[in-house]
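Novice: Would you mind keeping the following structure in view while I ask a few things?
Derivation of every value follows stated rules applied to the coordinates shown; laboratory data play no part. From a predicted model like this one, the values you see are computed outputs, not experimental measurements. Note that each Cβ is placed from the backbone with ideal geometry, even for glycine, and that neighbours are counted across all protein chains shown.
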Amino acid sequence: MPVQTVPFVPIFILGGIFLIAPGMIVTLFTNSDPLGFAVVMATAIAALIRPTASWMLFAVLCSMRTVPFIVAALTAVAMKIGLAKHGLPYLIAYIVIGGVAQLRIRSLRRSGEIDI
C-alpha cells in the first residue's frame, strides 16, 4: 500500500524537526558535535532504508529533499566567516546524504511505494 501525504500537513517542517532535533539534543547534553552529527546521520539513514515503516521516517525522507542542502549552505557560511574551521567533512556529508535522498525518493516514486 503506497504511503500518501495530506496536502495541509506541513510534512517538510515536521520531518525537519524529526531529523535535526534529536542530534541537537544529543549535542547539547553531551557537548559533542560529532556525536550529534552521528545521530542526525543515523536518523537519515533509517529514513533512507525503510521510509514506509513509520510516518515519522516518511516525514524525515520528505524533508531530506531540502534540509541537508540548507544545512550545508549554513555550514559553508559558517566556514567562510570562521565559526566552523573544520566543517568540511560535515559539509560534504550533508551534500552527499541530500543527493542520496533525492535518488531514493525518485526510485520509491517510480516503484509506486510512495506518492509525493
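Novice: Let's test the formula: R0 of 22 Å, r as the Cβ-Cβ distance of Leu103 and Ile70. What FRET efficiency results, to the nearest 0.05?
Specialist: Given R0 = 22 Å and the Cβ-Cβ separation, E is 0.75.
Novice: With r as the distance between the Cβ atoms of Ala21 and Ile81 and R0 = 25 Å, compute the FRET efficiency 1/(1 + (r/R0)^6) and round to 0.05.
Specialist: Working: r = 25 Å, r/R0 = 1.00.
It comes out at approximately 0.50.
Novice: Mind checking the angle between helix 11-30 and the chain's longest principal axis? C-alpha axes, 0 to 90 degrees, to the nearest 10.
Specialist: The two axes meet at around 40 degrees.
Novice: From the list [x] 0.94; [y] 1.00; [z] 0.97, can you say which value of Rg/Rh (Cα atoms, Kirkwood Rh) was derived from the structure given?
Specialist: From the options [x] 0.94; [y] 1.00; [z] 0.97, the structure gives [y].
Novice: Residue separation times 0.36 nm, minus the C-alpha to C-alpha distance between Ile13 and Leu35: what's the value? Display every interim value, and only then the final one.
Specialist: Numbers: separation 22, 0.36 × 22 = 7.92 nm, distance 2.32 nm.
Full-extension gain reported as 5.6 nm.
Novice: Next question, about the same structure. Can you give the angle from 0 to 90° between the axis of helix 67-81 and the longest principal axis of the chain, with both taken from C-alpha atoms, to the nearest 10?
Specialist: Result, in degrees: 10.
Novice: Summing Lys, Arg as +1 and Asp, Glu as -1, what charge do residues with Cβ under 15 Å from the Cβ of Leu103 carry, Leu103 excluded?
Specialist: Summing Lys/Arg as +1 and Asp/Glu as -1 gives +4.
Novice: Which of Met41, Met24, Met79 moves most in a GNM of the chain, Cα contacts under 10 Å?
Specialist: Of Met41, Met24, Met79, the most mobile in the Gaussian network model is Met79.
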